[in-house]
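Below you'll find the structure, written out as structure tokens, and then a few comments.
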Amino acid sequence: MSTIAAIGTPHGKGGVAMVRISGSEAFEVAKRVFVPANKARFEKQLHGSVYYGSFRDEKGVFDDGICILFKSPSSFTGEDVCELYCHGGLLVTQKLLASALKNGARMALAGEFTRRAFINGKMSLTQAEAIGGIIDSVSDKHLTVSANQANGSLSRALGEIYDELKLLAASVYAYIDYPDEDMTDISVPEMKQTLIKIKARLDRLAGSHTYGRAISEGIKTAIVGKPNTGKSSLLNLLCGEERAIVTDIAGTTRDIVTETVRLGDIILRLSDTAGIRESDDTVEKIGIGRSIGAISEADLVLAVFDLSRPIDDDDKRLISAIIESGKQSKTVCILNKSDIASGPCHKLPFDRALSISAKNNEGIELLVDTVGEMFGAGEIGENDEIIVNARQCAAVANAANAVGNAIEALDGFTQDIAGMDIEIALAAIAEADGRQVSEDIVNEIFSHFCVGK
């Protein structure tokens, strides 16, 4: 493969920037752009060694810095890799990259360094995807999960299941080849029990994606309610800053205000909507229509009611809109203004209701626990594997479905029929972990990486 180069640090001014070079000619490219202070030591090309020197192009030396050499196969990509560290100015970094490209390297494609690591067997596909998770993580939980998976935790879990299924498949092959000689070492009841245990593990893995998606991609959340119930105050509380205008004037919010915030370990992609009420104002009516649309599109609805006032017709319109959208089970009733309420709590047709004071920052812990429970936090053990990736979840779910079919086949058919479903399950797990995956899928995965990774 050709030798590639790219800037491996964010674009902008900083103390240090890095240009990474990978490929069979990486060290030769380094020799052409880097002038070591100790040439004799640099010629030894010691793995992992740090060399100080200067960087040059066709016009001469333009900066000083360090060069680190990593020899194949003990590098990130499995190829010879050179990392050049210069001062972090925009111009100097671009000059260093340009010099590398003029001296034998080509510009790396998005995610090409990590892709080469995958192709060269330095990591599984789940580990490669987890590196993207580390870069993109905005919550501590997502970072922890991604770091564990980058170290191979999910790959090992899938590998254990794969090996168990492979043993069952081998037993089926023995039955097919020698049906009259009882060559199988696993009886039908034993095979069935093993498959039941495997399916339980696969179901749990697939089921963890609800929580995994909540801590990584985030939950599409609509804050809705009639005017002046405290929707914008709730948004500002969750954001930790004044993101929306808060006044005593009804109808201040006329369009959807969006923000991404962290609620405990879970990410909320919030939309603060216009108050739902009867209105003759043309602009406000458009905002109200968008609010009702936001309810239909949301994974979580935070319906805000004013606990200091009785339920009125506008509140009832909101309740009807939620029920008609089919989001009743996805709704948390926020009974706001508990600091000034004196009457009994409102009785509403929803399973989850919390009394809070957005103004005084009271009751937010209950919201953290409630939303976490809705999206599977309580079902995840401390050491449980969590799938944060939709592609992996689909593959694991397909494997679980195939194993379920194999279990059913053992009740009414011979082992060879169950063996067909076991083969399907093996292929699905191989796809999840990259043992067997199409080039199109690989291209799609790495296209979302930044160029320098």
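The values are calculated or read from the model by the stated rules, or taken from the named source; none is laboratory data. Quantities reported herein were computed from a predicted structural model and do not represent experimental measurements. Note that each Cβ is placed from the backbone with ideal geometry, even for glycine, and that neighbours are counted across all protein chains shown.
List of remarks:
- Whichever residue in region 295-323 is part of a loop (DSSP other than H, G, I, E, B) and either modelled with pLDDT of 90 or more or not polar (S, T, N, Q) (or both) and, among such residues, is surrounded by the fewest Cβ atoms within 10 Å (Cβ to Cβ): Pro310
- Filtered residues of region 1-42 (kept if touching a Ser or Thr at 6+ places or on another chain (Cβ under 6 Å) and among the acidic types (Asp, Glu)): Glu25
- Total residues in region 324-348, condition modelled with pLDDT of 85 or more and exposed (fewer than 14 other Cβ atoms within 10 Å of the Cβ): 3
- Any chance Phe118 is surrounded by 22 or more Cβ atoms within 10 Å (Cβ to Cβ), at pLDDT below 95 and of a type in the set (A, V, I, L, M, F, W, C): yes
- Looking only at residues in region 403-421 that are of a type in the set (Gly, Ala, Ser) and either over 14 Å from Lys197 (Cα atoms) or surrounded by 23 or more Cβ atoms within 10 Å (Cβ to Cβ) (or both), the one that is nearest to the chain's Cα centre (by Cα) is Ala406.
- When we screen Asn389, Asn383 for residues that are over 30 Å from Val172 (Cα atoms), surrounded by 15 or more Cβ atoms within 10 Å (Cβ to Cβ) and of a type outside the set (D, E, K, R), the only hit is Asn389.
- Verdict on Ala174 being at pLDDT below 95 and of a type in the set (Gly, Ala, Ser): yes
- Residue match in region 237-246 (condition: modelled with pLDDT of 80 or more, within 30 Å of Ile417 (Cβ to Cβ) and hydrophobic (A, V, I, L, M, F, W, C)): no
- Sole exception among (1) surrounded by 16 or more Cβ atoms within 10 Å (Cβ to Cβ); (2) out of contact with any Phe, Trp or Tyr (no Cβ under 6 Å at 6 or more places or on another chain); (3) without any contact (Cβ under 8 Å) to a residue 60 or more places away in the chain for Gly133, by number: (3)
- Per the listing Leu367, Leu354, the residue uniquely in the same structural domain as Pro310 (by TED's automatic domain parsing), in contact with a helix residue (DSSP H, G or I) (Cβ under 6 Å, 6 or more places away or on another chain) and not charged (D, E, K, R) is Leu354.
- Pairing residues of region 158-180 that are at negative phi with residues that are surrounded by 15 or more Cβ atoms within 10 Å (Cβ to Cβ) and modelled with pLDDT under 75, at Cβ distances under 6 Å and at least 6 apart in sequence or on separate chains, gives Ser171/Thr184; Ser171/Ile186; Ala174/Thr184; Tyr175/Thr184.
- Selection of region 1-45 for residues being at positive phi and over 31 Å from the mean Cα position of the chain (by Cα) yields only Gln45.
- Count - residues of region 112-159 that are in the same structural domain as Ala390 (by TED's automatic domain parsing) and not in a helix (DSSP H, G or I): 5
- Residue among Asp421, Asp384, Asp416 that alone is part of a loop (DSSP other than H, G, I, E, B) and of a type outside the set (A, V, I, L, M): Asp384
- Only residues that are without any contact (Cβ under 8 Å) to a residue 40 or more places away in the chain and either outside any helix (DSSP H, G or I) or surrounded by fewer than 20 Cβ atoms within 10 Å (Cβ to Cβ) (or both) were counted in region 392-401, giving 3.
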